[in-house]
Structure formats: C-alpha cells, structure tokens
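As structure tokens, the structure follows; a few thoughts come after it.
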Amino acid sequence: MSTETITHWIDGRRWDGTAERQGDVFDPATGQITKAVDFATPEEVAGAVRSAKDAFEREWGRSTLTRRMQVMFRFRELVDTHKEDLAALITEEHGKVLSDALGEVSRGLEVVDFACGSAQLLKGSYSEQVASGVDVYSLRQPLGVVGIISPFNFPAMVPMWFFPIAIAAGNTVVLKPSEKDPSASMYIADLWRQAGLPDGVFNVVHGDKVAVDALLTHPDVASVSFVGSTPIARYVYETGTAHGKRVQALGGAKNHMLVLPDADLDLTADSAVNAGFGSAGERCMAISVIVAVEPVADDLIAAIASRMAGLRTGDGRKGCDMGPLVTAAHRDKVAGYVAAGVAEGADLVVDGREVAADGAAEGFWLGPTLFDRVTPDMSIYTDEIFGPVLSVVRVPTYEAGLALVNDHPYGNGTAIFTCDGGAARRFQNEVQVGMIGINVPIPVPMAYYSFGGWKASLFGDTHAHGVEGFHFFTRGKVVTSRWPDPTHGGINLGFPTTT
Ligand code: NAD
C-alpha cells in the first residue's frame with residue numbers, strides 16, 4: 001500500500017524534490033503507519049532560509065503595517081473557518097481526542113487575534129525637545145528570518161505562539177515542526193497562502209536533528225524559538241547563541257499541585273483528573289504531582305480514584321475522554337516509569353497498564369495511572385514522564401510542600417488549591433515557578449500575557465507571546481534628531497548632555 005508523503009513547504013508551495021531520508025507517521029489509535037515525512041538535508045534547509053530571506057528583502061520586511069494586518073485578519077478568519085479540519089488532522093497523528101485538538105486550535109487562534117492588534121505594540125515613543133532643537137524617538141524593526149522548532153504535543157498551538165507575532169512584525173519564518181505529527185503545519189501553510197501571504201514568508205521544513213542543526217548554524221537565521229524537552233532546549237540555546245542568534249528555548253516540566261487541607265475537595269479532585277490525564281498527560285502544563293498537605297490525602301485520593309474509574313480511554317474520534325500516547329516507544333517508556341514506581345516502593349492505586357481501550361488492539365494505549373506515597377527520591381518524582389501518571393506526595397505542612405516545588409529543577413507551571421486567600425497570596429509570592437494557578441490547574445496565560453517557565457523549563461530571558469513576544473521578534477532603535485537650526489552650538493568635543 002502506498003502512503004501519502006508529507007514534504008516541505010518552501011516559497012509558497014510543496015517542495016518537489018526527492019528526499020534522501022524519511023520518517024514514518026503513525027495513527028496512534030490504530031498503531032498503523034499512515035504517512036511518510038521527508039527529512040530535510042542542510043542544503044534543503046538552506047533553500048528554505050534563502051526563500052525566507054528573499055521574501056524579507058523583497059517585500060515583507062518593508063511592507064506596510066496596513067497590508068500585514070489585512071493578511072493577518074484574513075488568516076484569522078481562515079483558521080477559524082477550518083478549525084475542525086485542522087483538529088481532525090491533529091487527532092489523526094497525535095492521538096489526542098477531537099475536543100482537545102479543537103481546544104488547542106482555539107488557544108492558538110487567540111495568539112492570531114492578539115497579533116491582529118500588532119499596530120499598538122509596534123508603536124515607538126517620541127520625546128520632543130530633550131535638548132534645544134533635539135527630539136528623541138524609538139522604533140522597533142523586524143529581525144529578518146526567524147526559525148521556529150516545535151514539539152509533537154501541540155502541533156498547531158505551539159507554532160502559533162510564535163509565527164503570528166513574528167509575521168505581523170515583518171519577519172519571515174522557517175518552521176521545523178515535530179516529525180511525529182507534521183501535517184498541521186502544512187495545512188496552516190496553505191491557509192497562509194489563501195490569506196494572501198507572499199511566497200517565502202512562511203516556510204516549513206520537516207526533519208530531525210539534521211534540520212535543527214542546519215537552522216541553528218545558518219548565518220541568515222536571526223533568531224530561534226524552540227519548544228521541547230529540557231536537554232534539547234539547553235542544546236538549542238547553547239548552539240544558537242554560540243552562532244550569534246537570539247534564542248528562546250522552552251523546555252520540560254514537572255508541575256506540582258499543592259493542596260491545602262481547606263481546599264474544596266470536589267473542585268480539587270475534578271481539576272487533578274482533568275489536568276493529570278487530559279491529552280494523556282502529554283502537556284507541558286499537565287499536573288503530574290499532587291502535594292497533599294495532611295490530613296487531606298486519604299479523602300483526596302479516594303475522590304480522584306472514583307473519578308478515574310469513569311474515564312474512557314480510546315480512539316480520539318469516538319468521543320472518549322483520553323486518547324493513546326503518541327508512539328509505541330513513548331508508551332513503553334511511560335509504562336516503564338509505572339514499573340519503576342512500583343519497584344521503588346510507591347503505592348500503585350490505579351494501574352493504567354491494565355486499561356481496556358476503546359480502539360484497535362495495536363493502538364498505543366496506556367490508561368490513567370495513580371500513585372500514592374511517592375517520595376522525592378523516586379524516578380517517578382524526579383523525571384518528567386509526559387504521560388497519564390499522577391503521583392501523590394504527602395507532606396505535613398505548607399512549608400514542606402512549597403520546599404518540594406521550589407527544590408524541583410523544573411519551574412514551568414504550578415497550582416495551589418485552597419479557600420484561604422492569604423495562603424494563596426503567600427504561595428504566588430514565594431513559589432519559584434513561571435506560571436501559577438490559584439484553584440486553576442492549568443494556568444496557561446492568555447495570548448496578551450506571556451507564556452514561559454523558570455529554571456530548567458526555559459533557557460533565554462524572553463517568554464512566548466504577549467508583549468515579550470513582540471520584543472523577541474523586533475529590535476529596538478533610538479533616534480536622536482536635530483534639524484538644521486541657526487541656534488546650534490557649533491564645535492564642542494564634550495560628551496553630549498541635555499543642558
Ligand atoms: P523533543 O525535545 O523530543 O523535540 C522537540 C523538537 O526538537 C522536535 O522538533 C524534534 O524534531 C527536535 N529534536 C529532537 N531531538 C533533537 C536533537 N537531538 N537535536 C536537535 N533537535 C532535536 O520534544 P517532544 O517529545 O517533541 O515534546 C515533548 C517535550 O516538549 C516535553 O519535554 C514537554 O514538556 C516539552 N514542551 C514544553 C513546552 C513549554 O512550553 N515549556 C510546551 C510543549 C512541550
């Protein structure tokens with residue numbers, strides 16, 4: 001049986017060359033190979049960068065703000081119109097259930113909405129008469145060609161954290177999406193074409209480390225926005241900056257939910273289940289550790305376990321609650337952590353390895369899993385598992401719980417569940433994490449705020465989207481200007497002052 005081939009999108013069209021290497025794309029709910037994806041060589045990546053550079057120099061870098069906004073608004077409407085198709089493609093290759101895939105597209109669309117208002121954020125400032133006859137003003141200008149490298153878990157939303165802002169600001173883009181679910185980026189590329197974006201402004205190259213390295217070292221790539229696991233994020237940051245690029249590299253996570261004894265038990269248990277098992281735990285903002293301040297643990301675990309009993313794991317197209325994991329290898333890795341947790345002495349309350357999934361036998365299934373009495377030395381606590389495994393650590397006090405969160409190397413998201421406003425306020429001040437929920441389990445910021453973690457969850461100092469996104473994708477200039485005036489002071493070798 002011949003399978004569909006997904007290839008690169010360069011200069012406004014599908015690339016028509018023959019790839020030297022390819023990868024397999026699976027339908028995780030059936031376990032079948034459904035497509036092949038081309039892997040770019042450094043020369044093919046260079047072709048995409050050349051196209052982006054030409055488009056930047058030819059027109060997009062000097063296009064009017066009005067034109068850019070017109071294209072943005074058309075793109076926004078096209079994504080909204082086609083969001084169901086895009087969601088279906090995501091479910092086919094990632095496995096997450098359709099409603100979740102649609103949610104991802106909606107959250108990405110919010111960044112496009114935000115970028116439609118770029119005119120406000122690209123404005124400079126002006127100070128008149130700072131010295132006699134002298135005015136000072138600031139400008140923000142695009143960087144040029146920007147690279148984006150994205151992970152498998154949000155094939156539409158994560159690239160959309162970056163490219164709407166980059167394009168609205170006048171940059172041109174080369175996106176390297178995950179090779180595991182590459183079709184969403186091709187669908188998006190065609191929507192840009194329909195929106196009237198000039199050829200070469202948005203390019204997609206597929207591949208693995210070879211393509212990533214080619215972007216990181218290409219002299220015409222001005223910046224790299226990366227999202228993925230922490231070891232690769234660190235490598236991307238170090239390599240990209242060593243090659244003179246501006247880099248923001250968002251890494252992995254181990255998000256803790258701190259539950260105080262006065263928390264609303266129903267809200268907390270619902271939130272733990274939603275945030276622990278939504279998208280099969282393959283979210284960088286998933287809750288993977290519940291830190292239960294005693295005496296809350298017994299009641300909370302009973303409430304969570306009873307909710308887990310009602311969850312349906314199966315094919316994301318069939319209205320199930322939770323889909324498969326993305327690949328067989330990843331499913332086996334996560335199942336390996338479940339075995340390690342048992343071996344290390346944690347109490348396995350619900351074992352997802354025994355799930356009866358509503359889907360093909362060959363699907364990459366692992367059901368929701370719950371551990372109690374996890375301790376900080378266990379690998380299920382120290383490592384990012386990135387699957388449907390929730391661990392409960394019991395602690396005696398708020399201070400002991402806070403210390404756990406702050407001592408963990410990751411600092412992406414966290415949440416506190418309590419009815420005590422003072423305790424929540426203290427937590428938001430004391431916790432060493434970038435995104436905090438108060439009785440909200442997945443505190444993903446709106447597009448007009450910025451998304452990013454602390455510690456090993458982010459390398460670089462600029463978070464994604466919001467005002468920080470505009471700063472990342474533009475460079476500042478400050479102009480000091482004087483127009484010829486008979487009152488100028490003549491020769492003066494002293495340092496310019498305003499008096
Ligand atoms: P990954 O690190 O394996 O891959 C990310 C990207 O890097 C992909 O495009 C991949 O092709 C590329 N890549 C893989 N190996 C590489 C190598 N050796 N050298 C250079 N590039 C390489 O991550 P993933 O498995 O696709 O995604 C899951 C990870 O992403 C999790 O760790 C998750 O926490 C993280 N993530 C973080 C955020 C965040 O905002 N912090 C958001 C989403 C996902």
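Observations
- From helices alone, the chain scores -11500 deg cm²/dmol at 222 nm; the rule is -39500 (n - 2.57) for each run of n ≥ 4 DSSP H residues, then divide by the residue total.
- T239 accessible area, 1.4 Å probe, all protein chains in place, Å² to nearest 10: 30
- Segment E294-E4, extension gain: residue separation times 0.36 nm, minus the distance between their alpha carbons: 98.9 nm
- Legend: distances between Cα atoms for K83/K455; K96/K254; K245/K333; pairs beyond 31 Å are K83/K455; K245/K333.
- In the calculated pair-distance distribution of the range 339-425, the portion above 20 angstrom amounts to 46 percent of the Cα-Cα pairs.
- T217-I33 FRET efficiency (beta carbon distance; Förster radius 41 Å; 0.05 resolution): 0.80
- Largest-first ordering by accessible area, 1.4 Å probe, given options S229, S450: S229, S450
- Most to least accessible of K209, K83, K254, K180 (protein chains only, probe 1.4 Å): K209, K180, K83, K254
- If the convex hull is drawn through the Cα atoms of the range 303-362, its volume per residue in Å³: 88
- Among 293-301, 126-134, the order from most to least packed when residues are scored by Cβ within 10 Å on average: 293-301, 126-134
- Apportionment of accessible area to carbon and sulfur, the range 6-116, percent (1.4 Å): 50
- Once all protein chains are placed together, M157 keeps about 10 Å² accessible to a 1.4 angstrom probe.
- Axis angle, to the nearest 10 degrees, between helix 183-195 and the longest C-alpha principal axis of the chain: 40 degrees.
- A convex hull fitted to the Cα coordinates of the range 1-141 yields 165 cubic angstrom per residue.
- Computed over the range 20-78: relative contact order in percent, which uses C-alpha pairs under 8 Å that are six or more apart: 21
- Relative contact order %, the range 255-438, counting alpha carbon pairs below 8 Å whose residues are six or more apart: 28
- DSSP beta bridges in the range 255-438 [antiparallel fraction, %, rounded to 5]: 10
- Residue-count net charge about K53 - beta-carbon cut-off 14 Å; Lys, Arg +1, Asp, Glu -1: -3
- Here the range 378-494 has 56 percent of its accessible surface on carbon and sulfur atoms, given a 1.4 Å probe and all protein chains in place.
- Taking N as its residue count, the alpha carbon Rg of the range 51-204 over 2.2 N^0.38 Å: 1.17
- For K180, the aspartates and glutamates whose Cα comes closer than 13 Å to its Cα, not counting residues fewer than 8 places off in the same chain, are D24, D27, D38, E92, E93, D208.
- Nearest-ten-degree value, helix 83-94 long axis tilted from longest Cα axis of the chain: 60
- √(5λ) per eigenvalue of the Cα gyration tensor, the chain, largest first, Å: 42, 30, 19
- Relative contact order for the chain: 18 percent, from Cα pairs under 8 Å spaced at least 6 residues apart, divided by residue count.
- Only protein heavy atoms count here; on that basis, with a 1.4 Å probe, Y235 has an accessible area of about 80 Å².
- Relative to the longest principal axis of the Cα atoms of the chain, the long axis of helix 98-115 lies at roughly 20 degrees.
- Kirkwood Rh and Cα Rg combined as Rg over Rh, evaluated for the range 255-438: 0.96
- Rough spin-label spacing in nm, given labels placed 7 Å along Cα→Cβ, for T497 and R312: 7.8
- Largest first, the extents of the alpha carbon coordinates of the range 343-485 on the three principal axes equal 83, 45, 28 Å.
- The rule of thumb for compact globular proteins, 2.2 N^0.38 Å, goes into the C-alpha radius of gyration of the range 182-335 1.40 times.
- Accessible area in square angstrom per residue, the range 290-339, 1.4 angstrom probe: 39
- Length added when fully stretched, R373-S481, from 0.36 nm per residue minus Cα-Cα: 32.2 nm
The values are calculated or read from the model by the stated rules, or taken from the named source; none is laboratory data. The model shown is predicted, which means the values in this text are computed figures rather than measured ones. Please note: Cβ atoms are built from the backbone with ideal geometry, for glycine as well, and neighbour counts cover all protein chains shown. Just the protein is used for accessible areas: all its heavy atoms, side chains included, with ligands, DNA and RNA removed. Shrake-Rupley method; radii C 1.70, N 1.55, O 1.52, S 1.80 Å.
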